[in-house]
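Laboratory data are not the source of any read-out in this text; all were calculated from the coordinates shown. In this text, all values refer to a predicted model and were calculated from it rather than measured experimentally. Counting neighbours? That spans all protein chains shown, and the Cβs are built from the backbone with ideal geometry, glycine included.
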DNA sequence: TGCAGAGGACTTTTT
DNA sequence: GTCCTCTGCA
């Protein structure tokens, strides 16, 4: 990973000559505003830009420009992005531009950068530098425990709600002592719970995601020398997706940029769709007031979409009152300008089945015109909508992938495995202990566990150590007695192995999961998805083996960086939520489910009122502006949702778009429509030639894995000794074939059993 | 202790 | 329709 040795750098390192004097080359191909944004290197700069105006390009070119002029050395530039994907992309671009090593540049997500800083200075807040980063599941359990201990009824005060309140305080940069109890008529005190929660986290030597930023903020505020160090170091600060920053991130940026004041923020207030998790559009509005002599540049030339699509989006977003306002125009000579300027299609259909069919028909038409599947995307409001499309895609043999939903590392079995590993690395990780001690069942029921917790508290030790001691003192009965001894023995043995350099770390993990009986537990399970879970666990050990030198590195990666977009390049139609689609673009975009209640979502309107409606509208805006060439908006009068049929009116957003940009067709089969059913009932077979018809995608693993890759293997028959390729394991040859399961001898990873869907012919 | 069955909720989601 | 949590009984 890039930037890993940032702290070790000192100023004596010589500059890379390759980097210098390339500035002219860099500015080529930029328009006037972009050029201005790149070359304005003095003082605070706010770049307000619409969708598709080349934000990332500006930010990365700017970084490269600064480096090329020698205004700063790489490690004096800080660039913050929101997703790992974005930072990866930027990193590649900068490397490309300046053709030199940029390893030492500070480029990454807020969380990743803050983790680095926090590990360096954690002792200042009595936190060990090996702290673990806990996930929302652990957070929830911790809160629940606190509530229960205080005798608070968790059915009336759900842990998730309490956690949400605490999280919002963290988003605002507020410590427990700064929070006043707003809720006077309630007997629960959020500040007190917040205080207790923080205390517990500290005891666990753990931090949550909010803490990563909040702790750093606290350290910088209380330690002048540390603050000065970073203020001096960061001569240039750049922020992407500024509209998504929350207050604590804003405060952090403000602190860090105070000395040099060379901060450049890029954002689009019309694309702020994360206020529900603490993002503050206000940060954009505040920018000019906060920084004296700040300059604002607007990028309004769009390189992505056709004029009709842009105009439709503009006319919709104009219904929002809280916006800075900018109008997008198609950039001259852009591909978008050269494309046929088709109107936005609006279709009303009878039900969700027809909706899916209609989209399938269009997809097939596009395919006939040789548009690749990867140029098409269906953007939905809620994850629940994806199912219908999946069913239809499967029955029509169209390869697709669902992006979003549960990520690999969020799956229960992966989290369990991680808890096993965490407990091995840190025996005081009580949360991990609680999660796995009775998984599989080891005879530790409520009563026995209570005894362990009590013993631990009385003797001021971790749960694990309590178990160890109680086992030694023969304090368990029945099944728990033998199981406790075995559990402790396994862990003690592996802890020693962990220190042995001759033993590979992934072997330790395999051991742990096997001998603890965790894998056996799934093997014994008769449910259809158990098999998939075991595959996932194998995948996990594979990932560790392939990518990590040690377990510690893996644990940090898993909580901060791990994403599974590795299989992103397939020839597949994408099904994504509107939130997930931000930053992406497709030639052909379908926006189904534009109905009142679903979009805008009724829940949103109930809770958030007008402001929430505006956010939904921004979401619609994001959806429309993802399209480069063709766009379809669909609304269905009936929809099967939550187990019943619901009748909905078309979304108000449709009527808010100026009709001159729309091509409205009423395909509702119950009205008198001119719609020709045969148009889509006739099934063309042109795509069957290249894809096989076996139902291999129906297997459990895919049914189970939420990021699904249903691309059909182009090879239906495998042969012994055939050379094949696997995403994680690389090249190998087939040793045995039994149905869908292949045994493959990989050149690097050795012998593995793999589902046929995972491999491709080499 | 562990399982079966009832009852309730069901927006979006990065790190 | 489905998933998760809680309760109560064997």
Shape category assigned to the stretch A:171-297 from the gyration tensor of Cα positions, a/c cut at 1.5: oblate
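Give the calculated FRET efficiency between residue A:498 and residue A:579 to the nearest 0.05, with a Förster radius of 51 Å applied to their Cβ-Cβ distance.
Working: r = 40 Å, r/R0 = 0.78.
For residue A:498 and residue A:579, the calculated efficiency is 0.80.
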Computed over the stretch A:70-169: relative contact order in percent, which uses C-alpha pairs under 8 Å that are six or more apart: 20 percent
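Antiparallel versus total DSSP beta bridges in the stretch A:544-659: what percent is that, nearest 5? Could you put the intermediate results ahead of the total?
Values: 6 of 12 bridges.
Roughly 50 percent of the beta bridges in the stretch A:544-659 run antiparallel, per DSSP.
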Cα gyration tensor shape of the stretch A:450-500, rounded if a/c is under 1.5, else prolate or oblate by comparing a/b with b/c: oblate
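From the square roots a ≥ b ≥ c of the eigenvalues of the alpha-carbon gyration tensor of the stretch A:439-524, which class results: rounded (a/c under 1.5), prolate (a/b over b/c), or oblate? Provide the component values of the computation, followed by the final result.
Numbers: a/c = 2.48, a/b = 1.42, b/c = 1.74.
Because a/c hits 1.5 or more and a/b fails to exceed b/c, the stretch A:439-524 counts as oblate.
Using a Förster radius of 51 Å, what is the FRET efficiency between residue A:611 and residue A:469 based on their Cβ-Cβ separation? Nearest 0.05, please. Intermediate results must be reported in sequence, preceding the final value.
Values: r = 55 Å, r/R0 = 1.07.
Calculated transfer efficiency: 0.40.
Assuming R0 = 51 Å, can you tell me the calculated FRET efficiency for the pair residue A:119 and residue A:369, based on Cβ-Cβ distance, to the nearest 0.05? Mind dumping the intermediate values first?
Values: r = 53 Å, r/R0 = 1.05.
Calculated transfer efficiency: 0.45.
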Contour excess over end-to-end distance, with Cα ends at residue A:153 and residue A:719 and 0.36 nm allotted per residue: 197.7 nm
Residues A:736, A:109, sorted so that the one with the fewest Cβ neighbours within 10 Å comes first: A:736, A:109
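Could you give the length gained by full extension between residue A:333 and residue A:41, i.e. 0.36 nm per residue of separation minus their alpha carbon distance, to one decimal place? Kindly include the intermediate steps, with their values, before the conclusion.
Values: separation 292, 0.36 × 292 = 105.12 nm, distance 2.83 nm.
Once the chain is fully extended between residue A:333 and residue A:41, it gains 102.3 nm.
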Mean Cα-pair separation over length for the stretch A:386-475, i.e. relative contact order, pairs under 8 Å, 6 or more apart, %: 19 percent
Ranking of A:626, A:723, A:639 by count of other Cβ atoms within 10 Å, fewest first: A:723, A:639, A:626
Percentage relative contact order, the stretch A:355-433, counting C-alpha pairs under 8 Å, at least six apart: 20 percent
